[in-house]
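Scroll down for the structure; my scribbles are underneath it.
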Amino acid sequence: MSTAKTFSKAPYRRRVISEVRPAILSTSATELEVWLSSRAAPAYRRKQVWGWLARGAASFAEMGDVPKPLRSELEREFRVTSLRQVAMSEADRGLTTKTLYELDGGHSVESVVMRYSGRSTLCISSQAGCPIGCPFCATGKFPFGRNLKAHEIIEQALDAVRVLGTEGRRLSHVVFMGMGEPMANYHAVVESVRRLSDPELLGISPRRIVVSTSGLIPRITQLGEEKLAVTLAISLHAARDELRDVLVPINRKYPVADLVAAAQGYADRTSRRVSYEWVLLAGVNDTERDAKELGRLLRGKLAHVNLIPFNPVDDTPYRAPERGAVRRFKELVEAQGLTVTVRDTRGRDADAACGQLHERVMLAGRAQGALLTDRSVVPAS
Ligand code: SAH
Ligand code: SF4
């Protein structure tokens, strides 16, 4: 049973949002400057506002060096963020926190902040739900909702900056490993990466941003042409088509050999080592045969293998492997000449695999007539 502490932030139910003010980051730099000039304000006010957002400001009122009348106008015209926190859970004695946000229109997404010594990583969502439907993934269990807009992706990071700021920490890394398939929401994801790395906004180096994909080959190729140099992670999970067709259904369209070729094309173009993710499912893809197939597939490539012990999801036929099986698999893959790390199970008790807090709140919400009261502990479903 999960030991996560989960709190709802506000009564939660799907509702139609009557809020019409746009979020400030739904405007481009130029659009905001045009708006400012229509209020007889100089263009540099835009940089000031962005600077405050980048430091985690939660309101226009706290933007001290912006004149008060302009702050009031900004407040009347825009929202600082479009995201509303609806639930939080924490694990690892507060080192991992997960937040569920409601989007305009009623869908919800989650993001996870993981704190380490010297760095903090945000796991971010790019879609409400996911159209790929991997059978081991909590996100894939719910019907696909919608693509996030670029500003909704960045707003997750701004909220993380705000929370980390109160703890004297900085957001240093962002991984697109939350809900959704980033390459199926390509333009918004690329736009959000540009803004996350924009020195006028968050200034996070693309090298510290990981885009994880189930393998949409044309988009991987396109990403390689963007001159972004983000780190690419491929969710491989199986090295033979017959098994990958089941675990990652997009494989039926983009088979594994073509996928690895596209990923290596990305590595060649960007000189960035590709990371291959492998969720270890007991008895399914943790056998000696799998390790050998993986070794054969990636031998000699600019690649790194990341093993992720399965984080159990209800109503799936999969089990997490024993610790010994993880070690054995790692050694077998290393013996093929590959570099391998085992991802720590950070936040396991915070429903940390993508989609799990969303799932828990949804199920609890259903059980309670879709209402969670403020700071109530959501019963484990
Ligand atoms: N859709 C993208 C990014 C989000 S998923 C992708 O699939 O790459 C991010 C990572 O979490 C993927 O490698 C995915 O396979 C993994 N994942 C999903 N469900 C998991 C679970 N229950 N336990 C462990 N890892 C999981
Ligand atoms: Fe989508 Fe990734 Fe989950 Fe597969 S693992 S359903 S691609 S979010």
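The values are calculated or read from the model by the stated rules, or taken from the named source; none is laboratory data. Not measured: the values here are computed from a predicted model. Here the Cβ is made from the backbone with ideal geometry for all residues, glycine too, and neighbour counts use every protein chain on show.
Structure summary
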quantity	calculated
Check on K141, within 19 Å of I250 (Cβ to Cβ) and more than 8 Å from ligand 1 (Cβ to nearest atom)	yes
Unmet criterion (only one of (1) of a type outside the set (F, W, Y); (2) within 27 Å of P317 (Cβ to Cβ); (3) out of contact with any Lys or Arg (no Cβ under 6 Å at 6 or more places or on another chain); (4) within 16 Å of ligand 1 (Cβ to nearest atom)) for E242	(4)
Failed item in (1) within 18 Å of H151 (Cα to Cα); (2) without any contact (Cβ under 8 Å) to a residue 40 or more places away in the chain, with P218 passing the rest	(1)
Members of segment 322-341 found to be at pLDDT 95 or above, part of a loop (DSSP other than H, G, I, E, B) and either surrounded by 16 or more Cβ atoms within 10 Å (Cβ to Cβ) or under 23 Å from the mean Cα position of the chain (by Cα) (or both), listed by number	L338
Candidates V109, V86 - the one that is within 16 Å of ligand 2 (Cβ to nearest atom) and either over 16 Å from V161 (Cβ atoms) or of a type in the set (D, E) (or both)	V109
From G51, G106, G56, residue being in a loop (DSSP other than H, G, I, E, B) and surrounded by fewer than 17 Cβ atoms within 10 Å (Cβ to Cβ)	G106
Options A267, A282, A335: the member that is of a type in the set (A, V, I, L, M) and touching an Asp or Glu at 6+ places or on another chain (Cβ under 9 Å)	A282
Whichever residue in segment 120-137 is in a strand (DSSP E or B) and surrounded by fewer than 24 Cβ atoms within 10 Å (Cβ to Cβ) and, among such residues, is nearest to ligand 1 (Cβ to nearest atom)	T121
V260 farther than 27 Å from L53 by Cα and within 16 Å of ligand 2 (Cβ to nearest atom)	no
Residue ID - nearest to A320 (Cα to Cα), chosen from residues in segment 144-172 that are within 16 Å of ligand 1 (Cβ to nearest atom) and more than 14 Å from the chain's Cα centre (by Cα)	F144
Which listed residue, of A87, A40, is farther than 22 Å from S192 by Cα and within 29 Å of the chain's Cα centre (by Cα)	A87
Test: residue in segment 280-287 that is part of a loop (DSSP other than H, G, I, E, B), at pLDDT below 95 and surrounded by fewer than 20 Cβ atoms within 10 Å (Cβ to Cβ)	no
Residues of segment 175-209 that turn out to be of a type outside the set (D, E, K, R) and away from ligand 2 (no atom under 16 Å from the Cβ), as a count	14
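Conditions tested, residue by residue: (1) charged (D, E, K, R); (2) in the same structural domain as N311 (by TED's automatic domain parsing); (3) more than 16 Å from L148 (Cβ to Cβ).
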site: E181; (1), (2), (3): yes, yes, no
site: D198; (1), (2), (3): yes, yes, yes
site: T213; (1), (2), (3): no, yes, no
site: R240; (1), (2), (3): yes, yes, yes
site: P249; (1), (2), (3): no, yes, yes
